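To start, the structure under review is shown below, and the notes come after it.
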Amino acid sequence: MENRRPLIAGNWKMFKTCSEAVEVAEQLVKLVNDMTDGVDVMIAPPFTALAPVSDIVRKSCVSLGAQNLFWENEGAYTGEISSAMLVSAGCRYVIIGHSERRQYFGETDEAVNKKIMAAIKNDLIPILCVGESEKERESKDTFSVLDKQVKNGLKDFVLDDLKTLVIAYEPVWAIGTGKTATSDQAQEIHLFLRSMLEKSFGNMLSKSTRILYGGSVKPDNVSELMAMPDIDGALVGGASLDPETFSKIVHFNK
Ligand code: PGA
């Protein structure tokens, strides 16, 4: 895995009120603190719970992330949240271009590109999500879909901008369905993504960029996935909502 520090990230989606989120974060911190052995851990609660959860995780090994942002810093954009606001709420990471945002909220590659730029300018670590739908996989379009998502998402960036970039490969057919890509299937795609980075930005970035797998990651499949040379972590949805289950995923190497 070269020198890439594994990252286990929890995407809580639209789950948990403030008090529920605080409770889960408190339990999680107890379960994972001081035991992460070189693994980075991040949780992304809904916007409303960011500040209270930030107070819980601040002195722990768990980092805070957001699930989305808007690319302007401030302005008359009712209902939107800027990267500066996320930083002020304690965030270090932000998930960008999740397939649910693309699917239900019409998020385009162009918007994803602007959001990544805004994140980087404010020193947030962007997690760019890419992935093909079931139909696209069946029609053998997986590689062309990913090629387009990555090229457009990272359009006009230079190497220096992307030093902290994280990519998450999340096949849409595996999200929340219980169907996981096999570790070989995922490895093939991760290698492809890494070779894309190499072609566009050079060997150094391709070797240092963490590429996470997401889609029905659970305690019983995480170790096999993590054993693959180009899988550097996991973006976990459903299984991140329960602190016991998520901590088992964090401890995949135990
Ligand atoms: P899942 O979601 O683990 O529930 O499949 C993953 C994600 O959407 O990030």
Amide H partners (placed H, <5 Å) of SER60, local residues excluded: none
message: Using a Gaussian network model on the chain with a 10 Å cutoff between Cα atoms, which of ALA25, ALA227, ALA89 fluctuates the most?
response: ALA227
field: Amide H within-cut-off set for ILE125, under 5 Å, with H built and near neighbours excluded
entry: TYR93, VAL94
- prompt: Pick from ASN203, ASN68, ASN11: which residue has the top mean-square fluctuation in a GNM of the chain where Cα pairs under 10 Å get a spring?
  reply: ASN203
message: Using the crude model of +1 on Lys and Arg Cβ and -1 on Asp and Glu Cβ, and no other charge, please compute the dipole size for the chain relative to its Cα centre, in debye to 20.
response: 220 debye
- prompt: What value, in deg cm²/dmol to 500, does the helix sum -39500 (n - 2.57) over DSSP H runs of n ≥ 4 give at 222 nm once divided by the residues of the chain?
  reply: -12500 deg cm²/dmol
task: Using only alpha carbon pairs under 8 Å that are at least six residues apart, calculate the relative contact order of the chain and give it in whole percent.
output: 22 percent
- prompt: Which of the trypsin sites (Lys or Arg not before Pro) found in region 1-59 are in a DSSP loop and have at most 13 neighbouring Cβ atoms, other than their own, within 10 Å?
  reply: ARG58, LYS59
statement: Karplus-derived 3J(HN,Hα) from phi for region 97-104 (6.51 cos²θ - 1.76 cosθ + 1.60, θ = phi - 60°), whole Hz, x at Gly and Pro, runs x, 4, 4, 5, 6, 5, 6, 9
message: Check which residues have an amide H placed less than 5 Å from ASP40's amide H, if you skip close sequence neighbours.
response: LEU7, ILE8
task: Report P(r) for the chain: all Cα-Cα distances, bin width 10 Å, range 0 to the bin holding the largest distance, values in whole percent.
output: 7, 34, 39, 18, 2
message: At 20 angstrom or more along the helix axis (alpha-carbon based) and mean Kyte-Doolittle of 0.0 or higher, what helices does the chain contain? Whole DSSP H runs only.
response: 18-32
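Each reported figure results from applying straightforward, stated rules to the coordinates on display, with no laboratory input. It should be emphasised that the depicted structure is a prediction, and the values quoted were computed from it without experimental measurement. Counting neighbours? That spans all protein chains shown, and the Cβs are built from the backbone with ideal geometry, glycine included.
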